[in-house]
Amino acid sequence: MLTIEWSLASGWEKPYIKPLGNLSLHPASSSLHYAIELFEGMKAYRGVDGKIRLFRPTLNMDRMARSAIRAALPPSLGVKKPTKALLYVIMSPVGPYFASGSFNPISLWADPKYVRAWKGGTGDCKLGGNYGSSIYAQQEAMELGCQQVLWLYGEDHQITEVGTMNLFLYWINEDGENELATPPLDGIILPGVTRQSILDLAQNWGEFKVSERYITMSDLIAALEENRVKEMFGAGTACIVCPISKILYKGKHLHIPTMENGPQITTRFLNKLSDIQYGREDSDWAVLVS
């Protein structure tokens, strides 16, 4: 097989030919040709007691099984039914991304010309193709001075996800209630483990309304004009929670007052979940690895 390596420092290197037997992944693999592959973001946490913990691993396994069904894994393209599949597991305990209660807000670019997922697609599965198609939009966001993409959907510009994270809005809703809202799992939203954990915690606290509901950019702008927005944050395995401070939409910068408001709720979720993951608090969500 002809192989040519590229790097930012050196550009294209000298071409060479190597036997297929030396390759870890066959070039005819359906994961390369048709993106028939999936992955999971389950991580191991080294706790304050030195023990290794997994965080709600059954949720990752359930999602992996659903993704496998949607991707027809092991795959069959109607040409030849496969006889082999390959599973890679990277085993590497990780440390915390942020010191407890200490993190920086991010800015978002919202433009409906790029769509992360659509009805009938695979947005609710953790498939590689979902992420590969988002990289160009992410690059454009950075060129405009933003750190992540706020993905919109539909003619009414529904807010869906932020970068590769689920999105939460803590606000005073149209009925005057304190509400924590996140888009519903309607097929275009990834069912994140951190997302579910935040919903479970908030419902258990019982201190404010918790909703899975549609939120449009018009809803958000109206709430900002009426000073009803308290906090907005992304949620995912890597960062746990990530506060949002600014959105560039239709050429205008919308200021999100997350940091001015504490951010009390965002910090509370961060501390609670990281305490469980790193063994500072006992919970059946944490599974010890012997």
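Observations, loosely collected:
- Any hit, the range 185-207, residues being among the β-branched types (Val, Ile, Thr), at pLDDT 95 or above, crowded, with 18+ Cβ neighbours inside 10 Å and farther than 21 Å from Ile265 by Cβ: yes
- Condition met for Lys14 (exposed (fewer than 12 other Cβ atoms within 10 Å of the Cβ) and at pLDDT 90 or above): yes
- Within the range 17-43, tally of residues that are of a type in the set (S, T, N, Q), part of a loop (DSSP other than H, G, I, E, B) and surrounded by 10 or more Cβ atoms within 10 Å (Cβ to Cβ): 1
- Any hit, the range 207-218, residues being of a type in the set (Ser, Thr, Tyr), over 24 Å from Cys125 (Cα atoms) and either part of a helix (DSSP H, G or I) or without any contact (Cβ under 8 Å) to a residue 60 or more places away in the chain (or both): yes
- Once the range 123-157 is narrowed to residues that are touching a helix residue (DSSP H, G or I) at 6+ places or on another chain (Cβ under 9 Å), modelled with pLDDT of 95 or more and more than 26 Å from Leu270 (Cα to Cα), the residue that is surrounded by the most Cβ atoms within 10 Å (Cβ to Cβ) is His157.
- Remark: Ser283 falls outside the filter, which requires a residue to be of a type in the set (Ser, Thr, Tyr), over 20 Å from the mean Cα position of the chain (by Cα) and farther than 29 Å from Tyr45 by Cβ.
- Residues of the range 239-257 that are closer than 17 Å to Ile198 by Cα and touching a strand residue (DSSP E or B) at 6+ places or on another chain (Cβ under 6 Å): Val241, Cys242, Pro243, Ile244.
- Of the strands (runs of 3 or more DSSP E) that lie entirely inside the range 219-290, those containing 1 or more residues that are closer than 22 Å to Pro183 by Cβ span 229-236, 240-249, 252-255.
- Residue check for Pro243: touching a Pro at 6+ places or on another chain (Cβ under 6 Å) and under 30 Å from Glu140 (Cβ atoms): yes
- Selection status of Ser100, at pLDDT below 80 and loosely packed, with under 13 Cβ neighbours inside 10 Å: no
The values are calculated or read from the model by the stated rules, or taken from the named source; none is laboratory data. The structure presented is a predicted model; accordingly, all values stated were derived computationally and were not measured. Positions of Cβ are generated from backbone atoms using ideal geometry, with glycine treated the same way; all protein chains shown enter the neighbour counts.
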